[in-house]
Amino acid sequence: MKNLRRKTLAAASAMTLGAGLAVTGGLAPAAAAGPDTSYLVLAPQGANTIQAAARVAAANGTVVANYSQIGVLVVRSTNPNFATQVAGAGVESVASTAGLGTALDEGETVEVSAADVANATGDPTKEPLYGQQWDMNMIHVPQAHAVNSGSSNVVVGVLDSGISSTHPDLATQIAKDKSTSCLGGVVDTTEAAWNPTTSDHGTHVAGTIAAAVNGVGVTGIAPGVKVAAVKVVNDDGFIFPEAAVCGFMWAADHGMQLTNNSYYIDPWELNCRNDARQRPVWQAVQRAIRYSQSKGVLNVASAGNSNYDLAHKLTDTGSPDNGTPEVRENLTNACLDLPAEAPGVVTVGAVGPTGAKSYYSSYGQGVIDVTAPGGDTRYRTQGVRSTITDAVLSTTFNTATKTNGWGYKQGTSMSGPHATGVAALALSAHPGMTPGQLTAFLERTSVAQSCPEGVFNQVPLISATNPHLYDATCSGGARNGFYGAGMVDAYNVVR
């Protein structure tokens, strides 16, 4: 499987604007200290964490986060025998998360001048850069805004790399009292902690969902709603399982109705529940997702950028992506993309400006729920290359110069927040829907798209040496493997 993740893929450009619990103990025999390592320790399903915490202390571990609601502890220990010694009554499973980081793929950046962006023709009744937001017209955002542009009672958790709190298009849109960092699985609500430090990925995602209509820059799909920064990506670009668990739990307990998740967890794109190394991670994240759903949260996730048929998993030859790749063959449905394939999560594929599946977008009948604009800068029609403006324009933050701006990115990271923004409009217009009802409504109001005939292949423009690199075959009828129930539609959910 080609190791291109659902995060920002390949093309980006930007124009900048200057902006400015712990349990300790040690009953176990002393052992030579090893590296300080993080662990997930799970109590039996439905049990509290009291007994597990006692075993952690006895094994020379420190509980840094206690998610007693779901029976999950985040632990740190320098005891090299911790995993063995903590096992026993009150502990269902334990896993080290060392080496389980998945680096955020920021992709290529292509700078454009401020003058080029400033000369863009926008709709003066909306935003100066609206003329370059082809994605908004594709899903009928102008028509939707004439009816409902979102309610401030709706809060969307952006589980990502943080959101710039000084961005002129986002400063009024952020629910600061609901924002936090979850790095290390530990909550830190200081504003500096949840702002971006090495990545503008979360800032771009947030702008697609809720950038303000204020005469500056771009518009979001639901500018009337609020977004909360829930930082799960560390400064090295890794997304550790304990941070994701923290993110889902935080959103559930702080009144969010939606989360956007443009990442996958674990060094393997496919998390195999029948692998002892990975099963505790799957269990912990599943518990957190189920808990969030019980609290009324609908979680939306990007499908991935590997052009991989998630309905027919065979091999994975590019993982882990932070170590020596292992060839894993004869995979089964026990191997799933997490969180995208977790039950109850809305999985989103990507299309480009023509409405055709983006060359990179993963797919699969029964896996993709809906599709949305994600950009495609590699082609438009056979023989005709597209341009940078065929990616998605949104808010950016230059972490080197600490300046805010706007720029282009593409990937299912961008299609996910389009679906999340439409879902936020749906909740604004029709409050009170449960996650299941909202999912059904989002699918029912999407515009069905048929499978293309034959093998989908736009590759000769991409790789002359491997012309079948991005071949893909669509299966299904009105609901199919490329587009799911169809293209999300902002107007359909509010009218």
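Any read-out appearing in this document is the output of simple, stated calculations on the displayed coordinates, not a laboratory observation. Note that the structure is a prediction, hence the values are computed from the model and not measured. When we count neighbours, we look across all protein chains shown, and the Cβ atoms used for this are built from the backbone with ideal geometry, even at glycine.
Values for this structure:
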| read-out | value |
| --- | --- |
| Q143-T434 FRET efficiency (beta carbon distance; Förster radius 30 Å; 0.05 resolution) | 0.65 |
| Cα gyration tensor category, rounded, prolate or oblate, for segment 411-495 with a/c compared to 1.5 | prolate |
| Gained length - S68 relative to N466, 0.36 nm times residue gap less alpha-carbon distance | 138.2 nm |
| Overall form of segment 214-325 per C-alpha gyration tensor (a/c, 1.5; a/b vs b/c) | prolate |
| Above-threshold pairs, the threshold being 26 Å between Cα atoms, out of K126/K231; K231/K313; K176/K295; K231/K402 | K126/K231; K231/K313 |
| Cα gyration tensor shape of segment 133-176, rounded if a/c is under 1.5, else prolate or oblate by comparing a/b with b/c | prolate |
| Amide hydrogen neighbours beyond the local backbone of L298, cut-off 5 Å, H modeled | L258, T259 |
| Shape parameters for segment 168-262, alpha-carbon atoms, Rg then Dmax in Å | 12.9, 40 |
